[in-house]
1. Where does helix 16-31 land angle-wise versus the long Cα axis of the chain, in degrees 0 to 90, nearest 10?
2. Per the helix-only calculation at 222 nm, which mean residue ellipticity applies to the chain, given -39500 (n - 2.57) for every DSSP H run of n ≥ 4 and division by its residues, nearest 500 deg cm²/dmol?
3. At a Förster distance of 56 Å, what's the computed FRET efficiency of Asp48 paired with Ala328, Cβ-Cβ distance as r, to 0.05?
4. Which shape class applies to segment 219-280: rounded if a/c is under 1.5, otherwise prolate when a/b exceeds b/c and oblate if not, where a ≥ b ≥ c are the square roots of the Cα gyration tensor eigenvalues?
5. Assign unit charges at the C-beta atoms only (+1 for Lys and Arg, -1 for Asp and Glu), then state the dipole size of segment 85-164 relative to its Cα centre in Debye, rounded to the nearest 20.
6. Within segment 7-82, which GluC sites (Glu not before Pro) sit in a loop by DSSP and count at most 16 neighbouring Cβ atoms inside 10 Å?
7. How about Lys396: which lysines have a C-alpha closer than 26 Å to its C-alpha, ignoring those fewer than 8 places off in the same chain?
8. For the chain, what relative contact order do you get, as a whole percent, if you take Cα pairs closer than 8 Å and at least 6 residues apart?
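Just so it is clear, none of the values below were taken in a lab; they were calculated from the coordinates. None of these values were measured; they are calculated from a predicted model. Cβ sites come from the backbone with ideal geometry, for glycine too, and all protein chains shown count toward neighbours.
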Amino acid sequence: MALIVQKYGGTSVGTVERIQAVAQRVKKTVAEGHSLVVVVSAMGKTTDGLVKLAHEISTHPSRREMDMLLSTGEQVSIALLSMALQELDQPAISLTGAQVGIVTEAHHTRARILSIETERIQRHLQQGEVVVVAGFQGISSTTDLEITTLGRGGSDTSAVALAAALQADACEIYTDVPGILTADPRIVPDAQLMSEITSDEMLELASLGAKVLHPRAVEIARNYGVTLVVRSSWEDAPGTRVVSPIPQARPLEGLELVHPVDAVEFDTDQAKIALLRVPDRPGVAARLFGEIALQNLDVDLIIQSIHEGNTNDIAFTVTQSSLHRAEAVAAAIAPALRNHADPTLGEAEVMVERQIAKVSIAGAGMIGRPGVAAQMFATLAAADVNIQMISTSEVKVSCAIDAADCDRAIAALCKEFEVTSSPANLEKWGDRSQEMAPIVRGAALDLNQARLAIRHVPDRPGMAAQLFRLLAGKGISVDMIIQSQRCRLINGVTTRDIAFTVAQADADAAQTALKEASPELGCSEVTVDRAIAKVSVVGTGMIGRPGVAAKMFEAFAQQQINIQMIATSEIKISCVVAEEEGVRALQAVHAAFGLAGTEQFQVPA
Ligand code: ADP
Ligand code: ASP
Ligand code: MG
């Protein structure tokens, strides 16, 4: 007999008939001899409706009252599902987050789970009842009983957290698609179902726009080794397994507040090539990285961002032994990269740094915690280390620095995060991921981002730290941070531009905060562009395989799609393009990596 946590999303409990169908499935699972805890979301689009109501009354409703309001949606569905089960003579009881004892932080509308009391659930299970728990909600403490919610889409997180706390045998997420697909089937109808995906890949996809799973649910599954499956609530197919490495034992106390950083990693065998002032037109990145791929050279970090005069800087790192050939490619291409719009800019300039080190902090606990990256930058600044390139992923922040600073940087980071350091070790992904994993597992589109650019930021250690601390202090997570590679002298001070993306909802707050701070920071203008789309591909199989980025850029070039920003980490490549080109860009990369199948998906309404 197994203990299973099943979670049913909004569409799966959207009507009375669907609730009855869920009750049938639950009863069937019990009849197979299993104990069951069922987590449900609010019916259909109930939560959206409640949000709309709130905004009809107030432009800035208080977060506490929003939690009070939104948590009602789930309370409706738990009661109805329990009734439906009782109608089938299946003993069942519904419980709210407070009744279970799902204790969270006091942060309204985005609370993290601290602990879950399991006694009451266990008691009902022992009495042969199915326990139906309201997803998405908790209480801030057992004395105040303040209702909190976990953030939109948070019922997945409730389910996986319950599975971890109860040490359940499996957590099954039932939804309106057959499992995790290579892209959102609503945008890419020929997306294919995958039978499995690693939790690292899913973490990236979930945070890059694939809302089929809440990223924090994946984080908990990864940290506690929860067996996690996503499948359709309409059919009996096996769905997709999210596979996690065997985790270190962790206490269940502070469930979502685990130590943010597990390791400091470094790689001293890196060199950097930058092309400055390349024209901002489709096909440039494709040409450069296409030539590099022809030489079979593996590129590690790539960053690109548009800067003054509407020209781009592209920078990338390679191993020191590849530098010579990569440099030759860049030098050969530079003359062809003339800026026709403004001939005074001349051809692109190649800049080489031979001795670069990459230092990284890694750990699933940093997800959704903007303060961790800020802490890394501040630590490097305090050690007087200048950061040349930054690459962020959900579970890692990497900085390219001068190799001469590497030992100092590592010592400072290890002390700050209380961990030991180790050389970057790609084998840790395992032979399996290298041999069997597809180069690209899936692709995602995020239309909810905005880009901010800050001009003329003084080029000295500590600037990234200051910016990040400022935004982290306001709870704003920053993504894709890119500093220009070229410098400009302003009043005798060397400056660079910095561009980054944030969630659209945070764009105004970020701009205001930066504008207020700009006299003190010594920088000038702060601009915002909301009409952007971020398109990403993810796959552990891309590690150590040349040509992946080139293929993505080529797919865009063929469609005449201009790339505004590029940022990569070990297992993902993200590009910012114009908003109106987002869907076409996603479809193009999905096809380019051979992810499309012959079947077309019909997503239920
Ligand atoms: P639920 O209410 O069951 O939690 P969600 O709407 O939150 O459902 O998540 C399911 C939806 O996620 C699907 O209908 C699909 O449109 C979307 N989605 C986005 N990316 C993917 C992907 N890679 N695979 C499957 N579904 C995806
Ligand atoms: N009902 C909540 C939402 O719509 C939580 C969830 O469905 O996961 O965001
Ligand atoms: Mg969901």
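1. 80
2. Calculated at 222 nm, the ellipticity per residue is -10500 deg cm²/dmol.
3. My answer for the efficiency is 0.55.
4. oblate
5. It works out to roughly 240 debye.
6. Passing both the DSSP loop test and the Cβ count: Glu32.
7. Excluding near neighbours in sequence, the set is Lys211, Lys272, Lys358, Lys415, Lys428, Lys474, Lys534, Lys551, Lys572.
8. Relative CO of the chain lands at 14 percent.
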